[in-house]
Every structure is written in C-alpha cells, then in structure tokens.
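Novice: First the structure, which I've put down as structure tokens, then a few questions once you've had a look.
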Amino acid sequence: MGIQKLLWEVAKKSFAGGIIGLTISDRCCSVVPVRGDSMSPTMNPQKNSFFDDFVLVDKFCLKDYKFARGDVVVFSSPTNFRDRYIKRIVGMPGEWISSSRDVVRVPEGHCWVEGDNKYSSLDSRTFGPIPLGLIRGRVTRVVWPPQRVSKIGR
Amino acid sequence: MASPSSSSFWSIASRQAMNSGLFITKLYCFLHVTTNYLGFMAYAYGPSMIPTLHPSGNVLLAERISKRYQKPSRGDIVVIRSPENPNKTPIKRVIGIEGDCISFVVDPLKSEKSQTIVVPKGHVFVQGDYTHNSRDSRTFGPVPYGLIQGRMLWRVWPFQDFGPLGPTPSELTN
C-alpha cells in the first residue's frame, strides 16, 4: 500500500514539474544545441559535432514580436515547418537588401535572415524573406562549452 | 493550552504564502499548457467570413492538436498569424494546400480579373468566405504552415448557432 502511494506522489510531482518546465521553456527561455556551421564563427567555429555549442534562447521577445537588425533568431523553416533554423536578421521591414541577383525590398511583417558564414548557409537568399510570425525566439548567449560562454552581439 | 510563540506564527504564515504561490504558479502553467498545446477559446468578429461567422461576434473553440501531426486539409477554418503583422491573428478558410493549382478573382469589387497560382511546398492558400471584404492570400500570398495557430472546431456563442464548424457543402463535393 505504501509503495503505491509513493509512486502516485512521484507521478504527481513529476507531472507538475514537467508542466512548469514546459511553461518556462515556452515563455521565458530555453537552451538548444546548434547544428551545422552556417553561423561560424559566432557559433560552432569547429566542424566537429562533439564540440557543438548550446545557446540560450530568449522567449520574452515573442510577446510583441519586436526585433532589430542584428538579432540572431530561431525560426521555423518556411518550407518545412518541423525544421528550426538559427540565423541573423540582416533586414527589417521596409529595408532594401541586395541579394544575389537584384535589390529586394523586405515587405511589411517580414524580415531577411542570413547566416554569418555566407558560403555554407541556407537562408533568405534561397527562400526569400520570412514572416516575423515564424520566429520562435532570440538567441542571447552561448552557454556551452564553458570556454565559449559569451553574449551574442549585433 | 499554550499560545503559539511569534516565531512559529511567522513560519506558519510564510508556509501558507508559499503554498498559495505554488498553487497559483501551477495553475498558470496548467492554463498555459492547455491553451498552447490542446485548445483555446477565441472571440471572432469582422466581415471576412460571412456567412459562416457573424460579423458582430462569435465565441469559437479552436484546437491545436491536429497542426502538430498532420497537414491542414481543404475546407478547414484556421487561425493564422498574419504575414503582414505578427501581432494579428486573422481567421480564414484553407482553400488550397501545397501543390494545388488555385484560380481566384483578385478583387471582386473592382473587376472580374482572375489569377492562377500554384501553392508552394509547405504553404497553404487561405481565403475568407466573404471574398468582397477579406484580406487573405489573394493579397499577401500563400501562408507557410508554421504560421497556422490552430483549427476552428466548434461555435459556442451565439447559442442559436451552437454546433460544429466544418467544410462548406461546396468543399465536400470537390
């Protein structure tokens, strides 16, 4: 009888903990790994995946969708909504961007994203400006590995 | 009966405050998870979905479960985050999914000119039921799946129209 009550208590506590953790991860901030080298040398300067960076993603910015040029953001891919990419905003609505072929104006409600490593990055030069509503968070710091802990600037 | 000393009064009071704080935190987190992962109620108004929705206001129930596991289908009424302003969440109907070839009248108020497009991969074409007064994909283009917030399921108010919201009869015959 005692062990059944104990298991029930553990289940209740982990359920509550899980819900609180999920809310903090959605509303406050979360830590995500960075894959690929499209943001070298800001993130993942080496090609070895054992040393992949983990970054802190801030979610408070999703309240009003206020972003600025230079922010590094996590967003859902416009071609496959299950994929998440990390790139830097280089163009805000109304600005003109010179892409590979011509000069393009960023429409209202959209932004132009590019990776820091232009030679190895799938970004707005391929799929065009992305709506701001696809952004899932803003990257503020690198938190792992310890020797690379730093704030990510503009 | 001995009266409690002042130190144990404060310890009891602080324990009560912590318990209430924890309860409120758990309640807030539970509400957040329910409205973001299960379903939410929405108040919809405006002319763009006449005759399906009343322009003066409806209370609707929307669900967020199907958008995670399957693609939206033609005829669904969805809430999207507007590609023109991420702070607005208009409600429109899905007319075409990726790969469909859609022909539509660009501006019924001005002319009969129509346009034909192919919906790109990962996008849907949304349109209001009242095409004469609706800003939708005819203006801002097809919308990526990532902008879909949820699918409308049920109308709660006005009570005389209480019931499911689904594809229009013309969609069913397609």
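The values are calculated or read from the model by the stated rules, or taken from the named source; none is laboratory data. Keep in mind the model is a prediction, meaning the values are calculated, not measured. Reconstructed Cβ throughout: ideal geometry from the backbone, glycine too, with neighbour counts over all protein chains shown. Heads up: the accessible areas ignore ligands, DNA and RNA and are worked out on the full protein's heavy atoms, side chains in. Shrake-Rupley method; radii C 1.70, N 1.55, O 1.52, S 1.80 Å.
For (1) within 14 Å of chain B (Cβ to nearest Cβ); (2) charged (D, E, K, R); (3) open to solvent by 80 Å² or more (accessible area, probe 1.4 Å), each residue gets a yes or a no:
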residue: A:Leu6; (1), (2), (3): no, no, yes
residue: A:Lys13; (1), (2), (3): yes, yes, yes
residue: A:Met39; (1), (2), (3): no, no, no
residue: A:Lys66; (1), (2), (3): yes, yes, yes
residue: A:Ser76; (1), (2), (3): yes, no, no
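Novice: May I pose another question? Based on what the data block shows, is A:Gly137 assigned to a strand (DSSP E or B) and not aliphatic (A, V, I, L, M)? Show your work before the answer.
Specialist: Numbers: assigned to a strand (DSSP E or B): yes; not aliphatic (A, V, I, L, M): yes.
The answer is yes for A:Gly137.
Novice: Output the residues belonging to the stretch A:107-139 that are farther than 19 Å from B:Pro83 by Cβ, among the hydrophobic types (A, V, I, L, M, F, W, C) and buried (at least 18 other Cβ atoms within 10 Å of the Cβ).
Specialist: Scanning the stretch A:107-139 gives a single hit, A:Val139.
Novice: Quickly run through the stretch B:39-59 and pick out the residues that are of a type in the set (A, V, I, L, M) and either more than 23 Å from A:Asp26 (Cβ to Cβ) or more than 12 Å from the chain's Cα centre (by Cα) (or both).
Specialist: B:Ala44, B:Met49, B:Ile50, B:Leu53, B:Val59
Novice: May I pose another question? Determine if the stretch A:123-144 includes at least one residue that is among the aromatic types (Phe, Trp, Tyr) and within 14 Å of chain B (Cβ to nearest Cβ).
Specialist: yes
Novice: Here is a further query. Specify which of the listed residues (A:Val143, A:Val90, A:Val104, A:Val149) is surrounded by fewer than 17 Cβ atoms within 10 Å (Cβ to Cβ) and more than 28 Å from B:Asn36 (Cβ to Cβ).
Specialist: Being surrounded by fewer than 17 Cβ atoms within 10 Å (Cβ to Cβ) and more than 28 Å from B:Asn36 (Cβ to Cβ) holds for just one of A:Val143, A:Val90, A:Val104, A:Val149, which is A:Val149.
Novice: Here are the criteria: (1) under 21 Å from A:Gly153 (Cβ atoms); (2) away from chain B (no Cβ under 14 Å). Tell me which single one A:Lys59 does not satisfy.
Specialist: Among (1) under 21 Å from A:Gly153 (Cβ atoms); (2) away from chain B (no Cβ under 14 Å), the lone unmet condition for A:Lys59 is (2).
Novice: Is it the case, given these coordinates, that A:Arg125 is in contact with an Asp or Glu (Cβ under 8 Å, 6 or more places away or on another chain) and part of a strand (DSSP E or B)?
Specialist: Answer is no for this residue.
Novice: Of all residues being over 30 Å from A:Ile135 (Cβ atoms) and surrounded by 14 or more Cβ atoms within 10 Å (Cβ to Cβ) in the stretch B:134-167, which is farthest from the other protein chains (Cβ to nearest Cβ)? Just the residue, please.
Specialist: B:Trp157
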